[in-house]
Amino acid sequence: MKIPFRPITFNRKSTTENRKLLLAALLAALALILSGCGRQPGPIIVFGSPDSPRLRQSVAGLEARLGAVEVVCVAEFGPQGKETLRRLREKRPRLLVVLGTPALMLVAPAEKKIPVVFGLVADPYFTGAAYLPDHPEIHQENVTGIASPPPLNAALQHGAGLLGKGVTWGLLYDPTDGVAADLARQFLKEAPRFGIKPLTETSTGAATDGPALERLLKRGARVIYLPPAASAARYAPQVLDWGRQMKVKVVSGYPEGSHAGALLWVALDYRRLGEDVGDLARRVLAGEPPQAIPLTAQTPLKVEVDETLVRKWSGYPGIH
């Protein structure tokens, strides 16, 4: 059986139109590729709250690892934080570095896609960014970071080694300052483990700070511990002045300003902490997903002993 032959004919008009369409598609694809090659990556933005010397020290450490970054700080309280964050997110940063607990509390519920690395957060597990302290590997998928709890235990350990056990320490705190209240609870719990007898007093304002400190002395405090809480700035000068006058021994954990008058100063090294956050940020920028990086807790320390005060106190019946 013969199969009839039917010649194929080409519609020149249709072929020309197809070629034009194909050429247009190729040009469009080439333009897209070229525009993509020329597009600048999103910025690295630091979003911090509240602004403070310790935050600026951390930024200096961060920039030592990443180079210059855009830094935006907002007040701890007030409506401007959410609006500022909204404007920053519109810039589509390739990385958001979040410094401070108030800043993380704003970012965690609002941002679910942009990679986030946090620092200067004592406890991330109530911010929404992380969930279970016993499982630091489980956290918000676009978030990772470094927790930095206040170095209270380090101060107690170093203080007990310097001043001896069986000594009564006093702590003044403002119960309306959440960080101070948490530190007071930890102080009462942890001090006995180091052979220290803890006493606390409360004060909610400058007018009552002095009387509360005097009550600690009358109750038998031989050491005053200055906590690394914002409210301690009110009475730190008075306590340090007492230390210089040798009215009481002072152990300070307050990181800012002068600590002259403290026998012992144990504070976080915020520049080193910023460097550590920068190292973590570099891992994320290199492509490591935040979801795969467990949260860590780091407390790099600065420890200083005033040898002059130690020698003066040693002239008494024992430094203890």
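Using only the alpha-carbon atoms, how far is helix 270-285 inclined from the longest principal axis of the chain? Give it as 0 to 90 degrees, nearest 10.
It is inclined by approximately 20 degrees.
Measuring from centroid to centroid over Cα atoms, what is the spacing of region 279-309 and region 68-130 in Å?
A separation of 18 Å, based on Cα centres.
Assign unit charges at the C-beta atoms only (+1 for Lys and Arg, -1 for Asp and Glu), then state the dipole size of region 152-252 relative to its Cα centre in Debye, rounded to the nearest 20.
Roughly 480 debye, rounded to the nearest 20.
Mind jotting down a quarter of the surface of the convex hull over the alpha carbons of the chain, in square nanometres, one decimal?
Approximately 26.7 nm², given one-decimal rounding.
For ASP51 and ARG282, FRET efficiency with R0 = 30 Å and r from the beta-carbon atoms, rounded to 0.05?
0.75
Counting pairs of alpha carbon atoms under 8 Å apart in space and at least six apart in sequence, what relative contact order in percent does region 195-320 give?
19 percent
Are any of the pairs LYS197/LYS249; LYS112/LYS302; LYS189/LYS218; LYS113/LYS302 more than 25 Å apart by Cα-Cα distance, and if so, which?
LYS112/LYS302; LYS113/LYS302
I want to verify a result. In a Gaussian network model of the chain, Cα cutoff 10 Å, which of these has the top mean-square fluctuation: ALA60, ALA230, ALA103?
In the Gaussian network model the winner is ALA230.
Could you work out how far helix 80-90 tilts from the main Cα principal axis of the chain, as a 0 to 90 degree angle to the nearest 10?
The helix 80-90 is inclined about 30 degrees to the chain.
For helix 152-163, report the angle its Cα long axis makes with the longest principal axis of the Cα atoms of the chain; keep it between 0 and 90° and round to the nearest 10°.
Once rounded, the angle reads 30 degrees.
Once you have the Kirkwood Rh of region 152-252 from its Cα pairs, apply Stokes-Einstein at 20 °C and 1.002 mPa s and quote D in µm²/s.
162 µm²/s
Each value in this text was obtained by applying a stated rule to the coordinates, not by laboratory testing. Computed from a predicted structure; not experimentally measured. Because the Cβ atoms are built from the backbone with ideal geometry, glycine has one as well, and the counts that use them run over all protein chains shown.
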